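Every read-out reported here was derived from the displayed coordinates using simple, explicitly stated rules and does not represent laboratory data. All figures in this text were calculated on a predicted structure; none of them were measured in a lab. Here Cβ is always computed from backbone atoms with ideal geometry, including for glycine, and neighbour counts include all displayed protein chains.
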Amino acid sequence: MIISALLSAAHVLTLALGLGALFLRGRALAAPLDDAGWRRLLAADNAWGIAALLWITSGLARVFYGGKEVSFYTHNGFFWLKMTLFGAVFGLELAPMITFIRVRTARGRGAPLPEFRHPLYRRINHIEAMLVVAIVVAAAFMARGAWLF
């Protein structure tokens, strides 16, 4: 029970980090990207990446060590909805992730920064935030055993 509660707490607390990072990344994308603006954007993007890693790690730990049978998850429609929404977030994140990795590399080398469409990346950021909220709603239903098959 203690491990289950701690894993659950870690999984839920990561929500604050993830949504906070998305909010800050969105603000940074709306501001001029001078040197300070890039530092803010990349710091928020780092936090978003850390949140994703923590969500994946704590989520897998909850499935396999969280006290419920694995079949609770594999036979729950809301679990699969959560995974689909997560896949959508991951798919949307590919372009920003690759671009910001290239930016970090270019900044480290003192090379010109890659061009990207700021408004598009802001939109992607907002959609990802909405999807994360939808994941939380699906998780609430999943945890209560709704849509078991």
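Against the main long axis of the alpha-carbon atoms of the chain, helix 2-30 sits at an angle near 30°. Eigenvalues of the alpha-carbon gyration tensor of the range 1-53, scaled by 5 and square-rooted, set the equivalent ellipsoid semi-axes at 30, 9, 5 angstrom, largest first.
Relative to the longest principal axis of the Cα atoms of the chain, the long axis of helix 35-65 makes an angle of roughly 20 degrees.
Just one of (1) -0.39, -1.10, -1.36; (2) -0.55, -1.14, -1.29; (3) -0.48, -1.02, -1.18 is log10 I(q)/I(0) by the Debye sum over Cα atoms at q = 0.11, 0.18, 0.20 Å⁻¹ as worked out from the coordinates here. Which one is it? After the calculation, the listed value that fits is (3).
Expressed as an acute angle from 0 to 90° and rounded to the nearest 10, what is the orientation of the C-alpha long axis of helix 77-109 relative to the principal long axis of the chain? Helix 77-109 sits roughly 20 degrees off the main axis of the chain. Suppose R0 equals 30 Å; then what is the FRET efficiency for Trp147 and Ile50 from their Cβ-Cβ distance, rounded to the nearest 0.05? Computed FRET efficiency for Trp147 and Ile50: 0.45.
Given Cβ point charges of +1 (Lys, Arg) and -1 (Asp, Glu) and nothing else, what value in debye, to the nearest 20, does the dipole of the chain about its Cα centre take?
Working: 15 positive and 7 negative charges, 41 e Å.
The calculated dipole for the chain is roughly 200 debye.
Computed over neighbours whose Cβ is under 14 Å from that of Ile135, the net charge equals 0, Lys and Arg +1, Asp and Glu -1. For the chain, the residue among Gly77, Ala16, Leu33 whose Cα projects farthest onto the positive side of the dipole built from Cβ charges is Leu33. When the chain is treated as a GNM, springs tying every alpha-carbon pair under 10 Å, which of Gly18, Gly91, Gly66 comes out with the largest mean-square fluctuation? Among Gly18, Gly91, Gly66, the largest mean-square fluctuation in the Gaussian network model of the chain belongs to Gly91.
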